[in-house]
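**Student:** Structure incoming, see below.
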There are 2 protein chains.
Amino acid sequence: MTFAPRPQAGDLSFLKQLNRSAVLEALRQTPGLTRAEVAQGSKLTKVTVGAAVQALLNEGWLQEGDLQRRGGGRPGRALYLNETRHALVGVEIGVHELHVVTCTLRGTILEERHLALLQTTPEETLDRLAILVEEILETPEIKQRECLGLGLAVPGPTSPSQRRLSLAPNLGWRDVALLDMLRERLPHLGGIWLMDNEAKAAAFGEMYFRNAHHPTPGSLLYISAGSGIGSGLVEGRPLRVIRGVHGLAGEIGHTVLQPSGLYCHCGNRGCAETLVSGWSIRAALGISEESELDKAIARHPEQNRVATTLKHAGEALGMLLLNLHHTLNPAEIVIGGSLTRLGPALMEPALTMFEEHQNRLLPDASRIVPRVLDDSRIVAARGIAAEILSQALSDTPASPRSARVEN
Amino acid sequence: MTFAPRPQAGDLSFLKQLNRSAVLEALRQTPGLTRAEVAQGSKLTKVTVGAAVQALLNEGWLQEGDLQRRGGGRPGRALYLNETRHALVGVEIGVHELHVVTCTLRGTILEERHLALLQTTPEETLDRLAILVEEILETPEIKQRECLGLGLAVPGPTSPSQRRLSLAPNLGWRDVALLDMLRERLPHLGGIWLMDNEAKAAAFGEMYFRNAHHPTPGSLLYISAGSGIGSGLVEGRPLRVIRGVHGLAGEIGHTVLQPSGLYCHCGNRGCAETLVSGWSIRAALGISEESELDKAIARHPEQNRVATTLKHAGEALGMLLLNLHHTLNPAEIVIGGSLTRLGPALMEPALTMFEEHQNRLLPDASRIVPRVLDDSRIVAARGIAAEILSQALSDTPASPRSARVEN
DNA sequence: ATAGTTAGTTAACAGTATTTACTTATCAAT
DNA sequence: ATTGATAAGTAAATACTGTTAACTAACTAT
C-alpha cells in the first residue's frame with residue numbers, strides 16, 4: 001500500500017495552533033516555567049507567549065503557580081498544565097487482566113481499576129470493560145472533569161488503521177474491531193478514541209512522561225516480556241512510534257534466535273518467544289498455570305531446573321537485546337512486562353550476555369534501564385493515555401484573537 | 001545522552017517558508033501540476049499558491065511548462081522544479097572505489113566519475129576524491145549551475161553529529177573527521193555539507209526519488225549487501241532516517257543468526273556478516289581477491305562448493321530479512337549492494353526462505369523489491385545528494401513580500 | 001456568437017507575531 | 001526609606017501573511 005499525503009502547509013490559524021502547542025509542550029516537559037522562560041526556550045517573543053498563555057489560562061489548559069525568584073529583577077509567575085480540569089482514560093486488555101486508569105494532564109494517576117479475566121470472547125470482555133470504565137467515570141474525582149478521550153492498549157498487533165486488533169495469540173482472538181465495539185458500549189464518552197499495541201503504548205508513555213529526574217532520551221525501545229514478547233520503538237522529535245505498514249513492527253517474539261530450536265505456534269523454529277516468554281518458561285518447567293510459576297520459583301530458587309531455565313531464558317533475552325541494539329540502536333532499552341517480576345534470575349544473565357557480546361570495535365551501546373513507572377500493571381494503560389494527551393495538546397482548538405475573553 | 005530541544009514554534013516567515021516548501025514538495029512528487037492543482041492538494045488557496053509560485057519562479061526554483069488541458073475551462077500552466085539552474089554533488093567512498101555524481105533538482109544524473117581505490121589512508125583517499133570533485137565541478141554542464149551542497153556517503157556508521165566516520169572495518173579506518181577533512185580540501189565549495197552511512201543514504205534516495213511509476217511506500221528498508229552488510233530505514237512523513245543514538249541503527253551485519261557459528265571480527269559468533277557478505281563468501285570459497293569471485297562463479301556455476309555456498313548465504317539473507325520484517329515491518333525491503341550482482345543464485349534461496357517462514361497466523365509481510373536505480377555504483381552517492389536536496393528545498397530563504405521582484 | 005467553466009490575478013481585509021515603549025515588581029546599595 | 005539596576009509582563013502601533021471577493025483570461029460546448 002502506498003500513500004502520498006498532502007505536503008504540510010497551513011494558514012495563520014495553523015501557525016497559532018502550532019505556537020499554542022509549543023507553549024503547552026514546553027510546560028509539559030518543564031513544569032513551572034515562567035512566560036519569559038517559555039519565550040526564551042521557543043523562538044517566540046514574550047509578547048506572543050504572553051498572549052498565548054493568557055488564552056490558555058482562560059480556556060483552562062494552564063494554571064498559574066507561585067512567583068519564581070531567579071536573580072535580579074521582577075520575579076515571574078510559574079505556569080503549569082492545569083491538573084484539575086481534564087481527565088484521560090487509559091485501558092489495557094491484558095491476557096489475564098483488564099486495567100483501567102485515569103490520569104491528569106501531568107500524568108498523575110487519579111483512579112485505577114483491575115479485573116482478573118478468564119479466557120473469553122471479545123464481546124464479553126468488552127461488556128465487562130465498559131462496566132469498569134463507567135464505574136471509574138462515576139468517581140467523584142473524575143465526574144467533575146472533562147474527559148479528553150479514551151485509549152485502548154491490546155496484547156497484539158493492530159491493523160494499519162489502528163481500529164482493529166489483528167491477532168492476539170494469547171487470547172485466541174483474531175481481526176476484531178475492538179475500538180468500535182468498545183465505543184458502541186460507551187456511547188456517551190466523547191473526545192479522542194485511540195487503540196494501540198500494548199508495547200507501543202507503553203513505549204510512548206515511558207518516553208512521554210519523563211521529567212527532569214528521568215530525562216527524555218533521544219529514542220526508546222520498550223520490551224514487553226509477558227505471556228509473549230513484543231516491543232515498541234519511539235523515536236525523534238516530534239515523538240514518533242514506529243508501527244510498520246501492517247502494524248507488525250516490534251513483533252520481536254518471532255525473531256529467530258536458534259534456527260534449529262523448538263517449534264513456535266507461528267510455524268517456525270527457535271523464535272525468541274520459544275525461549276523467553278511466560279508460556280515458554282512454564283513449558284520448560286512443566287507448569288500449566290500462570291500462578292504456579294512464582295510458587296515454583298519461590299519454593300526452589302536454586303533448584304537446578306528452575307535456575308537453568310531462567311538462565312537460558314535470560315541469555316536468550318540478552319541475545320535479543322543485542323540484535324535490537326544492532327538494528328535500532330535506541331538511546332534506552334526499557335525492560336517491562338510481567339516477566340520482570342522474576343527479577344535478577346532473568347535479568348542478570350541477560351545483562352551479562354548483552355555486555356559480554358558487544359562489538360569490540362564499537363563499544364557504544366544502548367543503555368538498558370528499568371521502567372520508570374513502578375507498577376507494571378498500568379504501564380500500557382497510562383501509555384495509551386499519553387498518546388491521547390499528546391494528540392489533545394497538539395490540537396487545542398484556538399479561537400481568533402478578537403474573541404479573546406477579557407478578565 | 002539526552003536532549004530536550006525546543007518545541008517547534010515559529011513566526012510568520014516560518015509559515016511562509018513552510019508553505020513555499022509545501023509547494024516545492026508537491027511539484028517534486030508530482031511534476032507538471034498547475035497552480036490550481038497544487039492549491040487543491042495542499043490546504044492553501046490559489047491566491048497563496050499563485051504568489052508563492054511567482055516568487056519561486058523569480059528565484060529560479062521553478063520553471064513553467066506547457067498548458068495543461070483538463071476538461072472545461074481555461075487550461076493551467078504546468079510547473080516543474082527547475083532542472084537547469086542548480087546542481088547537487090553526491091560522493092561515495094566505497095571499499096574498493098570512489099564514486100562522484102552530480103544531479104539536478106529532479107534527480108537526473110548530470111555527470112559521474114568513478115575511481116578504483118587501493119586500501120589507503122583517509123588523507124590520500126580524500127586528496128584523490130577532492131581532485132575528482134574539482135574535475136566534475138569544472139565540467140561545462142556543472143560550471144554554469146549553482147551548487148546547493150555536497151554529500152558524502154561512507155561504508156560504516158557515522159558519529160551522532162554526522163561529521164565523523166566512527167568505523168569502517170573494510171577500510172581499516174576508525175573515528176575519522178572525514179567531512180571536515182574533505183571540506184578543507186574543497187574550500188571554495190559552499191552550500192550544505194552532509195555525511196551519512198551509505199546504506200542510510202541509499203535508503204533515503206530510493207524513497208525520495210520515487211515517482212508515479214514507482215510509488216512511494218510508507219516506509220522503506222534498504223539492505224546494502226557488499227563487503228559487509230548494512231541497512232537503512234526511512235519512515236513516515238516528513239521522511240525520517242532512523243539512525244540510532246550512536247549512529248549504529250542498521251548495523252544488521254552483527255545481528256546473530258547462528259549462536260554457535262563462525263567467529264566474526266566484532267568478536268562474536270554467527271553474525272549475519274559471517275554468512276552473507278563479500279568477505280564471508282570469498283572465505284568460504286577460499287578466494288582472496290574480490291575480482292576472483294565473479295570468475296569462480298562464472299566458471300563453475302553449478303560446482304557444488306560454489307552453489308552450496310551461495311545457497312547458504314542466500315538462506316541466511318532470507319532469515320535476516322524475516323527478522324527485519326518482524327522488528328521493523330517496512331512497506332518495502334529493497335535489496336542493494338554489490339552482492340546483488342550474484343543474481344538469483346543468492347536471491348532465490350533468500351526469497352524462498354522468506355516466503356516459507358512467514359508467521360502462518362500473520363500472513364502480511366513486507367514486500368521485497370529490487371532497486372529502482374539500476375546502477376548499483378551510484379545508489380548511495382545519489383542518495384546522499386537526495387538528503388542535501390531535501391534540506392535545500394525545505395529551507396529556501398524567502399524574502400518578505402514587499403521585496404517581491406516585479407516582472 | 002454565447003453561455004458555462006476553470007485558471008490565475010488584483011485589491012481589500014482579517015489575523016498573527018513583532019517592535020517599541022511602558023508598567024510592575026524585586027534586589028542591592030546607599 | 002530611597003534610589004538605581006534588572007527583569008517580567010503588558011499595551012499600542014506596525015509589518016507580514018493568508019484569505020475573501022471580485023475580476024480577467026482562456027478554453028469548451030451549444
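**Student:** Name the most mobile residue of B:Ala87, B:Ala283, B:Ala331, meaning the one with the largest mean-square fluctuation, in a Gaussian network model of chain B with Cα contacts below 10 Å.
**Tutor:** Comparing B:Ala87, B:Ala283, B:Ala331 in a Gaussian network model of chain B, the most mobile one is B:Ala283.
**Student:** Is the protein assembly as shown rounded, prolate or oblate when judged by the Cα gyration tensor, a ≥ b ≥ c being the square roots of its eigenvalues, rounded requiring a/c under 1.5 and prolate requiring a/b larger than b/c?
**Tutor:** oblate
**Student:** Only helices at least 27 Å long along their own axis, judged from Cα atoms, and with Kyte-Doolittle mean hydropathy of 1.6 or greater: name those in chain A from DSSP H.
**Tutor:** Sorted by number, there is nothing, because no helix extends far enough and scores high enough.
**Student:** Using R₀ = 35 Å, calculate the FRET efficiency as 1/(1 + (r/R₀)^6) where r is the Cβ-Cβ separation of B:Ile109 and B:Ala177; round to 0.05.
**Tutor:** Efficiency, from the Cβ-Cβ distance: 0.75.
**Student:** Determine the shielding of peptide A:234-242 by partner chains: average, over its residues, the number of Cβ atoms on other chains within 10 angstrom of each Cβ.
**Tutor:** 4
**Student:** Quick one: with all protein chains in place, what share of the accessible area of segment B:191-291 is carbon or sulfur, to the nearest percent (1.4 Å probe)?
**Tutor:** 54 percent
**Student:** Here is a follow-up. Under Stokes-Einstein, with the Kirkwood radius over Cα pairs standing in for Rh, what whole-number D in µm²/s applies to segment B:196-323 at 4 °C and 1.567 mPa s?
**Tutor:** My calculation gives 81 µm²/s for D.
**Student:** Looking at segment B:153-197, which residues lose a minimum of 40 Å² of accessible area between their chain alone and all protein chains in place, measuring with a 1.4 Å probe and not counting ligands or nucleic acids?
**Tutor:** Residues of segment B:153-197 that lose at least 40 Å² of accessible area once the other chains are added: B:Leu167, B:Arg174.
**Student:** Probe radius 1.4 Å, ligands and nucleic acids left out: can you give me the accessible area buried at the B-A interface, summed over both chains, in Å² to the nearest hundred?
**Tutor:** 6600 Å²
**Student:** Shifting gears a bit: Answer rounded, prolate or oblate for segment B:12-82, using the Cα gyration tensor with square roots of eigenvalues a ≥ b ≥ c: rounded when a/c is under 1.5, else prolate when a/b is larger than b/c, else oblate.
**Tutor:** Here segment B:12-82 falls in the prolate category.
**Student:** Taking the Cα centre of segment B:12-82 as origin, sum charge times position over the Cβ atoms of Lys and Arg (+1) and Asp and Glu (-1), and report the length of that vector in debye to the nearest 20.
**Tutor:** 240 debye
**Student:** Only Cα pairs under 8 Å and at least 6 apart count here; give the relative contact order of segment A:210-372 as a rounded whole percent.
**Tutor:** 24 percent
**Student:** So which residues in segment B:363-390 end up with at least 30 square angstrom less accessible surface once the other protein chains are there, compared with the chain by itself, probe 1.4 angstrom?
**Tutor:** The answer is B:Asp364.
**Student:** While we're here: In segment B:305-396, carbon and sulfur make up what percent of the accessible area (probe 1.4 Å)?
**Tutor:** Of the solvent-accessible surface of segment B:305-396, carbon and sulfur hold 51 percent.
**Student:** Could you order B:Cys147, B:Cys271 so the one with the most accessible surface comes first? Probe is 1.4 Å.
**Tutor:** B:Cys147, B:Cys271
**Student:** Now a separate question. May I ask for the distance between the Cα centers of segment B:302-343 and segment A:10-35, given as a whole number of Å?
**Tutor:** Their Cα centres are 47 Å away from one another.
**Student:** Only Lys, Arg, Asp and Glu count, each charged at its Cβ (+1, +1, -1, -1), so figure out the dipole size of the protein assembly as shown about its Cα centre, rounded to 20 debye.
**Tutor:** 2020 debye
**Student:** A follow-up question, please. Nearest 0.05, what FRET efficiency do A:Thr30 and B:Ser161 give at R0 = 25 Å with Cβ-Cβ as r?
**Tutor:** Efficiency, from the Cβ-Cβ distance: 0.50.
**Student:** Do you know the relative contact order of chain A, to the nearest whole percent, from alpha carbon pairs under 8 angstrom that are 6+ apart?
**Tutor:** With pairs under 8 Å counted, the relative contact order is 17 percent.
**Student:** For the pair A:Ser288 and B:Asp66, how long in nm is the line joining their label points, each one 7 Å along Cα→Cβ?
**Tutor:** Rounded to a tenth, the inter-label distance reads 7.6 nm.
**Student:** In nanometres, what is the gap between the two model label sites at B:Lys46 and B:Thr308, each 7 Å from Cα along Cα-to-Cβ?
**Tutor:** Here the modelled spin labels are 7.1 nm apart.
**Student:** Next question, about the same structure. Please build a GNM for chain A, connecting alpha carbons under 10 Å apart, and tell me which residue among A:Ala153, A:Ala316, A:Ala307 fluctuates the most.
**Tutor:** A:Ala307
**Student:** Please report which chain B residue places its beta carbon nearest the axis carrying chain B onto chain A, with the distance rounded to a whole angstrom.
**Tutor:** Measuring from each Cβ to the axis, the minimum is at B:Leu15, 2.
**Student:** On to the next question. Any idea what the B:Pro75 label distances to the other copies are, label 7 Å down the Cα→Cβ vector, nm, shortest first?
**Tutor:** Distances to the matching label points in the other copies: 7.3 nm.
**Student:** Within chain A, how many lysine pairs that are 8 or more places apart, or on different chains, have C-alpha atoms less than 28 Å apart?
**Tutor:** Taking the Cα cut-off of 28 Å, the pair count is 4.
**Student:** Calculate, in nm to one decimal, what A:Arg269 and A:Glu141 gain on full extension: separation in residues at 0.36 nm each, minus their alpha carbon distance.
**Tutor:** 41.0 nm
**Student:** Taking θ = phi - 60°, what integer Hz values does the Karplus form 6.51 cos²θ - 1.76 cosθ + 1.60 yield along segment B:108-113, in sequence order, with x for Gly and Pro?
**Tutor:** Those phi angles translate into 5, 6, 8, 9, 9, 9 Hz.
**Student:** Quick one: Karplus J couplings for segment B:229-243, per residue in order, coefficients 6.51, -1.76, 1.60, θ = phi - 60°, nearest Hz, x for Gly and Pro?
**Tutor:** 9, x, 8, x, 10, 10, 8, x, 10, x, 3, 9, 8, 7, 10
**Student:** When the accessible area of segment B:12-82 is split by element with a 1.4 Å probe, what percent falls to carbon and sulfur?
**Tutor:** 53 percent
**Student:** Which distances, shortest first and in nm, link A:Pro400 to the matching position in the other copies, using label points set 7 Å out along Cα to C-beta?
**Tutor:** When each copy's label point is compared with this one, the spacings are 2.4 nm.
**Student:** Now, a different point. Residue-wise, which Karplus ³J(HN,Hα) couplings in Hz belong to segment A:267-277, taking 6.51 cos²θ - 1.76 cosθ + 1.60, θ = phi - 60°, and x for glycine or proline?
**Tutor:** With the stated coefficients, segment A:267-277 comes to x, 9, 10, x, 4, 3, 5, 7, 10, 9, 6 Hz.
**Student:** Then there is this: Mean residue ellipticity at 222 nm from the helices of chain A, using -39,500 (n - 2.57) per DSSP H segment of n ≥ 4 over the full residue count, to the nearest 500 deg cm²/dmol?
**Tutor:** My calculation for chain A gives -11500 deg cm²/dmol from helical runs alone.
**Student:** Looking only at chain A, where both bridge partners belong to it, what percent of the DSSP beta bridges are antiparallel (to the nearest 5)?
**Tutor:** For chain A, the DSSP antiparallel bridge percentage is about 60.
**Student:** Here's another thing I want to ask about it. Could you identify which residue out of B:Asn82, B:Asn197, B:Asn58 has the top mean-square fluctuation in a GNM of chain B using Cα springs shorter than 10 Å?
**Tutor:** So, out of B:Asn82, B:Asn197, B:Asn58, the one fluctuating most is B:Asn58.
**Student:** While we're looking at this one, here's another question. Averaged per residue, what accessible surface does chain B expose to a 1.4 Å probe, in Å²?
**Tutor:** Accessible area per residue: 42 Å².
**Student:** Follow-up question, since we're still on this one. Could you tell me which residue out of A:Asn58, A:Leu18, A:Gly41 lies farthest along the dipole of segment A:12-82 toward its positive end? Charges go on the beta carbon: Lys and Arg +1, Asp and Glu -1, centred on the Cα centre.
**Tutor:** Comparing the listed Cα positions along the dipole, A:Gly41 ranks first.
**Student:** Let me ask something else. Please state the charge dipole magnitude for segment A:180-238, taken about the Cα centre, from unit charges on C-beta atoms (+1 on K and R, -1 on D and E), reported in debye and rounded to the nearest 20.
**Tutor:** Roughly 140 debye for segment A:180-238.
**Student:** So, one more: Check which residues have an amide H placed less than 5 Å from B:Ala87's amide H, if you skip close sequence neighbours.
**Tutor:** Result for B:Ala87 returns B:Glu146, B:Cys147, B:Leu148.
**Student:** Further question on the same structure: Per residue of B:351-362, how many C-beta atoms from partner chains lie within 10 Å of its own C-beta, taken as a mean?
**Tutor:** Average neighbour count from other chains, rounded to a whole number: 4.
**Student:** OK, next. For label points placed 7 Å from Cα toward Cβ, what is the shortest-first list of nm distances from B:Ser291 to its copies?
**Tutor:** 7.5
**Student:** Using a 7 Å offset from the Cα along the Cα-to-Cβ direction at both A:Arg128 and A:Arg74, what is the distance between the two label points in nm, to one decimal?
**Tutor:** In this crude label model, A:Arg128 to A:Arg74 measures out at 5.9 nm.
**Student:** So if a site counts as exposed when it's one of the GluC sites (Glu not before Pro), its DSSP state isn't H, G, I, E or B, and it has at most 11 other Cβ atoms within 10 Å, what's the longest stretch of chain A without one?
**Tutor:** Longest run free of exposed loop sites: A:139-288.
**Student:** Still on this structure, please answer the following. What shape does segment B:287-407 take by its C-alpha gyration tensor, where a ≥ b ≥ c are the square roots of the eigenvalues and a/c under 1.5 counts as rounded, a/b above b/c as prolate, and the rest as oblate?
**Tutor:** Oblate, because a/c is 1.5 or more while a/b does not exceed b/c.
The values are calculated or read from the model by the stated rules, or taken from the named source; none is laboratory data. Model, not experiment: these values are computed from the prediction. Cβ sites come from the backbone with ideal geometry, for glycine too, and all protein chains shown count toward neighbours. Just the protein is used for accessible areas: all its heavy atoms, side chains included, with ligands, DNA and RNA removed. Shrake-Rupley method; radii C 1.70, N 1.55, O 1.52, S 1.80 Å.
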